[in-house]
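The values are calculated or read from the model by the stated rules, or taken from the named source; none is laboratory data. As the structure is a prediction and not an experimental result, all values here were calculated from the model. As a convention, Cβ positions derive from the backbone with ideal geometry for all residues, glycine included, and neighbour counts pool all protein chains shown. Surface areas here come from the heavy atoms of the whole protein model, side chains and all, with no ligands, DNA or RNA. Shrake-Rupley method; radii C 1.70, N 1.55, O 1.52, S 1.80 Å.
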Amino acid sequence: MSSIQKSVRTRFAPSPTGFIHLGNIRSALYPWAFAKAQGGIFILRIEDTDLERSNQASVDVILEGMAWLGMNPDEGPFYQMQRMDRYKQVLAELQATGQVYPCYMSIEALDALREQQMAAKEKPRYDGTWRPEPGKTLPPVPEGVRPVLRFKNPIDGVVAWDDKVKGRIEISNQELDDLVIARPDGTPTYNFCVVVDDIDMAITHVIRGDDHVNNTPRQINIFKALGKEEPVYAHLPTVLNEQGEKLSKRNGAKPVTQYRDEGYLPDAMVNYLARLGWSHGDDEIFSRQQFLDWFDLDHLGRSAAQFDDAKLRWVNAQHLKASDDEQLALWVKGILSQRGIASDDRLPAICGLFKDRCDTLCVLADWVAVFYGDVVPKADEKVQHVTDAVKPALALLVEKLSICVWDKASIALVIKEVLTELGLKMPQLAMPVRVLVMGTAQTPSLDAVLALCEKQKVLERLKNA
Ligand code: GLU
């Protein structure tokens, strides 16, 4: 970095070749957070040059997932396919300065070379046949063959960078062969496009998965050839699944939007993902704002993080419990309407009453649905709690409730009266009432639950004993 303080510009550069999962979106979270924490700019760049594997559905998951998590880019999305002319222009500049050269070696010859090197236990690499050097005579150009363009990688010296996660990395240039940067049809290849983009988008910090660590020395050499300074790099360790394998679609990783559909809260996801590779002391639960206030590159973890579904649910439960009732009501209303259930202005209070016993919005919606739809008491609980012995008490309760003012205090009073008149203890009455009214014996305090239920519905359900 130059001594002049540049304002931070980061990017997330996914390839839309499959649905992005939690491991991928974590590679968006950190650059986003770093830009926000530094008052910088976060850019989204869709790397869609693999035409066979890229698809719109994958782009949609990226855009929807980021919007859901509130990680909106300040610039972009830019699509690499729309920048082809620019790459070709920069390629021509490199060509003009003699830093790329045409290579006519056929695929067959390259394969033979590779086999020969492998047999000799050498690392397969292009041997520089077509690389022009002073005093060297190149082979005759074969007719009718369109060449690839290769980048003239420096022969000597090392490429080195201070990785913000991995520390200093040094690679000898002798390890790197001359990279193909344009195909025979003239289209530029991956590493070249990335560098042109990172230059044009003035990226100061590249924060990405460490599966790209091998590309970095090649990219740095291209930066140098273009007379530009490379950004700061931070290569994030892999995210493993619960079986300890690299998280991937093939072994069951879900698209990030599925977590939204399963009732996870965006801030809980941000919290969980943040901790999957970064720490702030022992803090486990924090808000989005706290995360942004605290985030730095110095506390990124060096070892692979392991996804843990139970922990994610726990984090979600903590955020759910701490959420504002009105906000919960908005989310739950959405879920209910997908289920064809209409709600009313009781919704925030119902959410408030049940939120501390739910770990997802869908579980909360299940509870809420009992207030708006039908209820089928759990059979075993009905047998256990709604006994003949308790039926007179239920009848008396119905009688008293039907003339009772419908609020929590009045309902509590009625329950007390029934208990006293029939000499019962609270659970003897509360359990069957819960089973009949809510479908299950496990509910919050009975008076609070009944007060939020419609009177008519309560009476009907109690008469079902
Ligand atoms: N498109 C690459 C990927 O999805 C990321 C490239 C980068 O961040 O430089 O893995």
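Could you look through the range 187-211, keep only residues that are under 18 Å from ARG9 (Cβ atoms) and part of a helix (DSSP H, G or I), and pick out the one that is nearest to the ligand (Cβ to nearest atom)? Before you say what the answer is, go through the steps one by one.
Of the range 187-211, the ones under 18 Å from ARG9 (Cβ atoms) are 193-208.
The next check asks that each one be part of a helix (DSSP H, G or I); those that pass are 193-200.
Working: CYS193: 10, VAL194: 5, VAL195: 9, VAL196: 12, ASP197: 9, ASP198: 8, ILE199: 13, ASP200: 14 Å.
Here the residue is VAL194.
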Which members of the range 157-182 meet the condition of being within 19 Å of GLY128 (Cα to Cα) and out of contact with any strand residue (DSSP E or B) (no Cβ under 6 Å at 6 or more places or on another chain)?
-> GLY157, ASN173, GLN174, GLU175, LEU176, ASP177
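Can you tell me which residue among ILE181, ILE169 is touching a helix residue (DSSP H, G or I) at 6+ places or on another chain (Cβ under 6 Å) and modelled with pLDDT of 95 or more? Please lay out each step first, then the result.
Details: ILE169 fails: touching a helix residue (DSSP H, G or I) at 6+ places or on another chain (Cβ under 6 Å).
Just a single option satisfies the conditions, and that option is ILE181.
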Any residue at all in the range 347-363 that is open to solvent by less than 20 Å² (accessible area, probe 1.4 Å), closer than 19 Å to ALA448 by Cβ, in contact (Cβ under 8 Å) with a residue 40 or more places away in the chain and β-branched (Val, Ile, Thr)?
-> yes
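Could you tell me whether any residue of the range 128-150 is small (Gly, Ala, Ser), away from the ligand (no atom under 15 Å from the Cβ), open to solvent by less than 40 Å² (accessible area, probe 1.4 Å) and over 36 Å from the mean Cα position of the chain (by Cα)?
yes
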Within the range 293-302, can one find any residue that is within 17 Å of the chain's Cα centre (by Cα) and assigned to a helix (DSSP H, G or I)?
-> no
Here the residues within the range 100-127 that are out of contact with any helix residue (DSSP H, G or I) (no Cβ under 6 Å at 6 or more places or on another chain), surrounded by 14 or more Cβ atoms within 10 Å (Cβ to Cβ) and not in a loop (DSSP other than H, G, I, E, B) are TYR101, PRO102, CYS103, LEU110, LEU113, ARG114, GLN117
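Tell me the residue from VAL158, VAL180 that is open to solvent by 20 Å² or more (accessible area, probe 1.4 Å), more than 16 Å from the ligand (Cβ to nearest atom) and either touching a Lys or Arg at 6+ places or on another chain (Cβ under 8 Å) or among the hydroxyl-bearing types (Ser, Thr, Tyr) (or both), please.
Going through VAL158, VAL180 in turn, the sole match is VAL180.
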What helices (runs of 4 or more DSSP H) completely inside the range 326-406 contain at least 3 residues that are among the aliphatic types (A, V, I, L, M)?
-> 347-354, 361-372, 391-401
Residue in the range 300-346 that is farthest from SER287 (Cα to Cα), counting only those that are aromatic (Phe, Trp, Tyr) and open to solvent by 70 Å² or more (accessible area, probe 1.4 Å) = TRP331
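Do the conditions hold for TYR104, that is, is it of a type outside the set (Lys, Arg), at pLDDT 95 or above and either within 11 Å of the ligand (Cβ to nearest atom) or under 22 Å from the mean Cα position of the chain (by Cα) (or both)?
On the way: of a type outside the set (Lys, Arg): yes; at pLDDT 95 or above: yes; either within 11 Å of the ligand (Cβ to nearest atom) or under 22 Å from the mean Cα position of the chain (by Cα) (or both): no.
It is false that TYR104 is of a type outside the set (Lys, Arg), at pLDDT 95 or above and either within 11 Å of the ligand (Cβ to nearest atom) or under 22 Å from the mean Cα position of the chain (by Cα) (or both).
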Could you say whether any residue in the range 247-262 is open to solvent by less than 10 Å² (accessible area, probe 1.4 Å), away from the ligand (no atom under 13 Å from the Cβ) and free of Cβ contacts under 8 Å to residues at least 40 places away in the same chain?
-> no
Considering only the range 11-49, state which residues are within 12 Å of the ligand (Cβ to nearest atom) and over 23 Å from THR257 (Cα atoms).
-> THR49
Pick out the one residue from ALA430, ALA393, ALA465 that is modelled with pLDDT under 95 and buried (at least 18 other Cβ atoms within 10 Å of the Cβ).
-> ALA465
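With the range 1-99 as the region, which strands (runs of 3 or more DSSP E) entirely inside it contain at least 3 residues that are open to solvent by 40 Å² or more (accessible area, probe 1.4 Å) and over 30 Å from PRO132 (Cα atoms)?
Numbers: elements: 9-12, 41-46, 75-79.
Hits in the range 1-99: 75-79.
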